[in-house]
Amino acid sequence: FGNARVPMKFTPNPSLGVWVRNQRIKYKKFRNGNTSCGITEEQIRLLNSIGFEWSLKSNGPWEVRYQELESYVQEFGNARVPIMFAPNPSLGYWVSNQRIKYNIFRSGNSTCRITENRIRFLNSIGFEWSINGSDLVIV
């Protein structure tokens, strides 16, 4: 399948779908402050390390911009979208913002709304974390 986006009604393995749904429920409770909900920080870390999707909501703002970036890469051969990209100004701003969030994430602040999974997605299309190339990081 190539991803960790297991739906609740996963026909090939129904018990896996139920288990994944339960992990998502526990994670939501954990994030809301209930640390006795049956999931630990270590379990969350392990699930994150395999790209576990905590929500199946698709086509959110991040996913839309990512798809736009994929199209840009196909057309121009790189992910160096200018911040003032006239055909799609939002994409230029978004790309710049991903670099900022990544640097915050790298400094140890995991609340910056970029995840290891999103970093992997961006790396897979050749995203450059520094456009000057001096501290280019591929995670």
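The values are calculated or read from the model by the stated rules, or taken from the named source; none is laboratory data. This one's a predicted model, so the numbers in the text were calculated from it and none came from an experiment. Don't worry about glycine lacking a Cβ; one is built from the backbone with ideal geometry, like all the others, and counts go over all protein chains shown. We work out accessible area using only protein heavy atoms, side chains counted, and drop any ligands, DNA or RNA first. Shrake-Rupley method; radii C 1.70, N 1.55, O 1.52, S 1.80 Å.
From the protein chains alone at 1.4 Å, what is the descending order of accessible area for Phe121, Phe30, largest first? Working shown, then result.
Details: Phe121 85, Phe30 45 Å².
Most to least solvent-accessible, the answer reads Phe121, Phe30.
For the chain, which whole percent of the accessible surface, found with a 1.4 angstrom probe, sits on carbon and sulfur atoms?
Details: 4960 of 9070 Å².
Exposed carbon and sulfur together represent 55 percent of the surface.
Per residue of the chain, what 222 nm ellipticity follows from adding -39500 (n - 2.57) for every DSSP H run with n ≥ 4, rounded to the nearest 500?
Working: 5 runs with 70 residues, N = 139.
After summing the helix terms and dividing by the residues of the chain, the value is -16000 deg cm²/dmol.
Which value, in debye to the nearest 20, describes the size of the charge dipole of the stretch 12-112 about its Cα centre when Lys and Arg Cβ atoms bear +1, Asp and Glu Cβ atoms bear -1, and nothing else is charged? Let's see the in-between values first.
Details: 13 positive and 7 negative charges, 86 e Å.
That gives the stretch 12-112 a dipole magnitude of about 420 debye.
How large is the accessible surface per residue of the chain, computed with a 1.4 Å probe and reported in Å² as a whole number?
Values: 9070 Å² over 139 residues.
Per residue, the chain has an accessible area of 65 Å².
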